Amino acid sequence: MKKQIHKRCFDYSKSPHLVNLSLVKFSFGSRVATDHRVHAWQFEFKLGGPLAAARRTTQLPGEVLVQEDALAATTKLDTTLRSHCSTCLHRCPAPLPCPTCSLVVFCSEECQRIGVAGYHRAECGVLPTLVSLQLDPAAALAFRVLSSTTLPALRSKVSALLQEGSGTRPMLSVQRDYRTLYHLEGHDTARTESQLQETAAIACVLAHILFENCSSFLMDNTGKFCAISEEDIILVGGQLMRLILGLECNIHLTKEALVGTAVMNKGRGQEVGWSVYSALSFVNHSCVPNTLSTSHGKIKFLYSINIIPRGAEITDSYGERYVSHTRTERRTALQQHYYFCCGCAACQADWPLFKDIPEKPSLRCPSCFQALARFTCRLCDISCTSQATTQTGIRLYNAPDILKQLNKAWHDFLKATVQIQKGNISPELVEMVVTLMEILDKYTVYPSQAIINAQEALMACFDLMGSVHFLPITPKQK
Ligand SMILES: [Zn+2]
Ligand SMILES: [Zn+2]
Ligand SMILES: [Zn+2]
Ligand SMILES: [Zn+2]
């Protein structure tokens, strides 16, 4: 069922709301910087693709900016192990077990083969221990990274990385290997001594488990055990520590939307696992982000939720958005978890909370961006009643006409949200939400409750196009 919905939405070709990633190219020109704000990811279209004729220079709301498979992913270490595939993080309606233990399940023979021949070979015997440790997400994922490799392979990977890293900082790029995990920003210099000691203690326990209980970790590719030296213990412990710190600042929650309850509620579904990505780890935070990511198993989709002009920075929210939390609350949480002081537009100007922003959208002046009064801006001495360009180069629009379009789009949007709240999704419903979002983005004063509501509905659409769990309907609900 969920696969069908997903496919239907991605076959959507009427207008390019969900374009192929190959059309989008990211530019990242600088070297690794310790300043968080420096890795600015911008989008640019590659001309020559199927959409080149259109020569679009903006990204519309609802388009896919990034579609990325996880570099590493794990289910939560609890009952989720029995309900979701350990390899791809999809829910398993007909689970296949591990041939040896009764703790994990796989959704297909392919996922079972990947698990049993790979990461689960080392994990199989130690899962009860890992579960009982109640590991934090970053520690659980760091263990998964190392249990997917072997000591001889790790030795050669790290020695290669140490050689290339001597002297200068390496260039960052989107790569699907250990190098990316190794270079994740862990902000270790910003951490307190006790935080580092705590992480070191966890790394020590996990290294002990790998050496003592995971025989496959110690085998080379001919199946021979390798001798362990003191250096190896330092290597594995050090890599675990590095991974945990890096993952703490770069981990993504893998969520599943729950249909049968209110879909457009706050939590946006339940957490089923944790994962880490290469391209997505470059995306900076903003309390007023222009994108949103959703999970389809361990695959992430990053969607635009605003019109993003060509060359603009792509931002995602690591924490709470400005509409629900005050600047102090947001900055405190971001400082605690990600070690930076947010300087986004909402933080700089200290934007008001949802309850304090205007409910209704107002058409804006194309010159000063303030609200028009009867289609006129007194400040700029502009009457915005037809499509024309003024002598000073201001592009006017037909405001009475746009107002009519806005009213119709709002009416359609209200009808669409009733369906979306029930967990229904179709290209037509997405189109209705996107149409409203585009008009609001292009012609109205920012922010308004209407814009936030449209974005919330768009987010609910993306969630419904990702992993979805249909809860059984109780007789009362029928
Ligand atoms: Zn699977
Ligand atoms: Zn097993
Ligand atoms: Zn901010
Ligand atoms: Zn004006």
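Remarks
- Relative exposure of Ile308, Ile394, judged by other C-beta atoms within 10 Å (fewest first): Ile394, Ile308
- Charging the Cβ of each Asp and Glu at -1 and of each Lys and Arg at +1, and nothing else, the dipole of the stretch 269-374 about its Cα centre rounds to 280 debye.
- Peptide packing: for 153-164, 459-470, the average count of neighbouring Cβ atoms within 10 Å per residue gives the ranking 459-470, 153-164, highest mean first.
- Subset of Lys224/Lys298; Lys300/Lys415; Lys298/Lys422; Lys157/Lys224 violating a 27 Å alpha-carbon distance limit: Lys224/Lys298; Lys300/Lys415
- Prolate/oblate/rounded label for the stretch 323-478 (Cα gyration tensor, a/c 1.5): oblate
- Cα gyration tensor shape of the stretch 72-252, rounded if a/c is under 1.5, else prolate or oblate by comparing a/b with b/c: prolate
- Stretchable slack from Asn213 to Glu230, in nm (0.36 nm times residue separation minus alpha-carbon distance): 4.4 nm
- Placed amide H near Leu71: partners under 5 Å, 5+ positions off or other chain: Val276, Tyr277, Ser278
- For the stretch 101-123 versus the stretch 383-419, the gap between their alpha-carbon centres in whole angstrom: 55 Å
Every read-out reported here was derived from the displayed coordinates using simple, explicitly stated rules and does not represent laboratory data. Here the structure is a predicted model, which is why all the values come from computation and not from measurement. Positions of Cβ are generated from backbone atoms using ideal geometry, with glycine treated the same way; all protein chains shown enter the neighbour counts.
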